[in-house]
1. Of all GluC sites (Glu not before Pro) in segment 1-92, which ones are in loop regions per DSSP and have a Cβ with at most 14 other Cβ atoms within 10 Å?
2. So which lysines pass the test for Lys69, namely a Cα distance under 19 Å, with those fewer than 8 places away in the same chain ruled out?
3. Please report the spacing between the Cα centers of segment 91-139 and segment 48-66 in Å, no decimals.
4. Defining a contact as two alpha carbons under 8 Å apart and six or more residues distant in sequence, what relative contact order in percent does the chain show?
5. Enter the accessible area of Leu44 (Å², nearest 10), with the probe set to 1.4 Å and all protein chains included.
6. Would you mind computing, in nm to one decimal, how far apart the modelled labels at Gln72 and Asn103 are, each placed 7 Å from Cα along Cα→Cβ?
7. In nm, to one decimal, how far is the Asp141 label point from the Arg39 one, both placed 7 Å along Cα→Cβ?
8. For segment 53-131, which trypsin sites (Lys or Arg not before Pro) pass both filters: DSSP loop (anything but H, G, I, E, B) and at most 10 other C-beta atoms within 10 Å?
Amino acid sequence: MASAAIRARCNRQIRAREVLVIGAEGEQVGVVSTDEALRMAHELGLDLVEVAPNAKPPVCKIMDFGKYKYEQQKKLQAARKKQAVVQIKEIKMRPKTDDHDFNTKLKHVRRFLEDGDRCKVTIFFRGREIVHKDRGMIVLDRVVEAVADIAKVEQQARAEGRTMSLLLAPVAKKQ
């Protein structure tokens with residue numbers, strides 16, 4: 001998992017003849033030859049690191065390359081931590097699901113949606129129940145109607161073999 005910072009050119013890896021140098025304290029030194037910039041970095045006991053290779057001329061900074069790599073890695077980890085992971089939770093029902101069981105499963109659907117997860121509601125047909133797909137649609141319609149205040153249908157109900165499913169997504173809360 002090498003980021004762009006870890007692949008940055010350092011010292012003798014820099015190919016440009018002239019570079020725009022930024023000093024160790026952040027001051028702009030100016031455009032100098034690469035050899036002169038390397039000499040300046042060596043005198044300070046630091047590295048010459050190419051921070052903007054696509055610029056004309058490339059921008060290089062005098063700094064500790066190990067410390068730079070470490071800081072870039074920490075930034076990458078922090079960015080990865082802030083990413084929201086949206087999961088798809090699934091609730092399985094049958095066309096003959098009774099009211100109490102339906103309400104219990106509906107509570108689970110509501111909890112998943114309130115937590116920010118998407119929810120897939122699946123109806124399983126066994127035996128000759130497959131003939132009555134309309135009953136499965138009725139159950140799915142009841143679910144959609146019951147969670148209409150907190151969810152929207154992301155994927156309409158569709159039958160696949162002996163199952164019928166639809167995908168619900170949470171609606172962004174108004175503040």
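The values are calculated or read from the model by the stated rules, or taken from the named source; none is laboratory data. As the structure is a prediction and not an experimental result, all values here were calculated from the model. Here the Cβ is made from the backbone with ideal geometry for all residues, glycine too, and neighbour counts use every protein chain on show. In case anyone asks, the SASA skips ligands and DNA or RNA and just uses the protein heavy atoms, side chains included. Shrake-Rupley method; radii C 1.70, N 1.55, O 1.52, S 1.80 Å.
1. On the way: sites: Glu18, Glu25, Glu27, Glu36, Glu43, Glu50, Glu71, Glu90; in loops: Glu25, Glu27.
Answer in residue order: Glu25, Glu27.
2. Lys69 reaches Lys61, Lys81.
3. Each part's Cα centre sits 58 Å from the other's.
4. Details: 250 pairs, mean separation 27.7, N = 175.
Relative contact order comes out at 16 percent.
5. 110 Å²
6. Result for the modelled spin labels: 6.0 nm.
7. Each label point is offset 7 Å from its Cα along the Cβ direction, giving 8.5 nm.
8. Arg126
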